[in-house]
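Every number in this text was worked out from the coordinates using simple rules, so none of it is lab data. Everything numeric here is computed off the predicted structure, so don't read it as measured data. Here the Cβ is made from the backbone with ideal geometry for all residues, glycine too, and neighbour counts use every protein chain on show.
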């Protein structure tokens with residue numbers, strides 16, 4: 001399983017014909033940067049400065065950063081990028097956001113941010129910064145909202161492929177699956193805690209609303 005492009009990463013020859021001993025599921029996380037940024041802007045239209053917090057350790061993260069930067073330029077908003085690699089980096093990033101008057105936060109995808117989701121959502125709430133995340137797992141621990149592929153659905157498909165391979169099928173013959181199920185989740189409880197009113201238009205678009 002990967003959130004990036006397995007062809008660009010050199011894992012497979014093509015999605016339809018992997019060609020080697022690897023196949024699986026790609027949940028195209030970083031490629032959704034523009035859509036996530038658009039939703040964040042709808043929620044915080046008056047935010048003049050937006051922060052991007054991400055670990056720039058992979059091509060997918062760099063691609064996501066470029067997508068967010070392009071979207072920010074197109075809307076005339078200032079973007080501050082924080083490349084974080086430790087829990088201390090995250091603490092320092094939020095301290096800087098407070099002094100710079102950041103009005104909204106885009107949390108990038110990747111294993112690092114996902115594994116630090118409790119710290120990220122807690123600091124965003126403490127500093128009353130509306131934040132967009134990539135996975136519903138962030139909302140599950142108190143985050144404000146997320147838009148991305150269903151990881152549980154991707155793992156289910158990976159499990160199906162594992163079973164097929166164990167029964168004798170070759171990975172080279174199994175096309176890399178791309179996620180087709182995407183969830184937009186809003187946590188109204190988290191919004192209320194930071195004094196934020198979610199527009200009815202966004203609530204109507206949500207696949208799930210946490211009361």
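Express in whole angstrom the spacing between the alpha-carbon centres of the stretch 142-211 and the stretch 8-57.
Centre-to-centre distance over Cα atoms comes out at 13 Å.
Could you work out the pair-distance distribution P(r) of the stretch 1-83 from its alpha-carbon pairs, with 10 angstrom bin width and percents rounded to whole numbers?
Histogram of Cα-Cα distances, whole percents per bin: 17, 41, 24, 14, 3.
Which value results for Rg/Rh of the stretch 96-140 when Rg is the Cα radius of gyration and Rh the Kirkwood radius based on the inverse mean 1/r?
0.95
In nm, what is the difference between 0.36 nm times the number of residues separating residue 62 and residue 118 and their Cα-Cα distance?
Computed gain between residue 62 and residue 118 is 17.8 nm.
Can you figure out the FRET efficiency of residue 88 with residue 140, using R₀ = 22 Å and their beta-carbon distance, to the nearest 0.05?
So, using R0 = 22 Å, E works out to roughly 0.35.
What angle do you read, to the nearest 10 degrees and between 0 and 90, between the alpha-carbon axis of helix 33-43 and the longest principal axis of the chain?
30
Give, as ranges by residue number, the residues of the stretch 165-200 whose backbone N falls under 17 Å from the point 7 Å along Cα→Cβ of residue 15.
Residues 173-183 qualify, since their backbone N sits under 17 Å from the label point.
Give me the percent relative contact order of the chain, please, defined on Cα pairs under 8 angstrom at least 6 residues apart.
25
Quick one: which of 77-90, 193-206 comes out on top by average Cβ neighbours within 10 Å, and what's the full order, highest first?
Order by mean packing, descending: 77-90, 193-206.
Could you work out how much longer the chain between residue 34 and residue 46 gets when fully extended? Use 0.36 nm per residue separation minus the Cα distance between them, nm to one decimal.
Extra length from residue 34 to residue 46 when fully extended: 2.5 nm.
Just to check, using Stokes-Einstein with a Kirkwood Rh over alpha carbon pairs, what's the diffusion coefficient of the stretch 25-155 at 10 °C and 1.306 mPa s in µm²/s?
So the translational diffusion coefficient is about 110 µm²/s.
Over all directions, how big on average is the projection of the convex hull of the alpha-carbon atoms in the stretch 129-186, in square nanometres?
If you wrap the Cα atoms of the stretch 129-186 in a convex hull and average its projections, you get 4.6 nm².
If the chain between residue 189 and residue 7 were fully stretched, how many nm would it gain, using 0.36 nm times the residue separation less the Cα-Cα distance?
Length gained, residue 189 through residue 7: 61.5 nm.
Can you work out the FRET efficiency for the pair residue 202 and residue 96, with r the C-beta to C-beta distance and R0 = 35 Å, to the nearest 0.05?
Efficiency at R0 = 35 Å is approximately 0.80.
Looking only at 138, 182, 94, which one moves most when the chain is put into a Gaussian network model with springs between Cα atoms under 10 Å?
Residue with maximal mean-square fluctuation among 138, 182, 94: 182.
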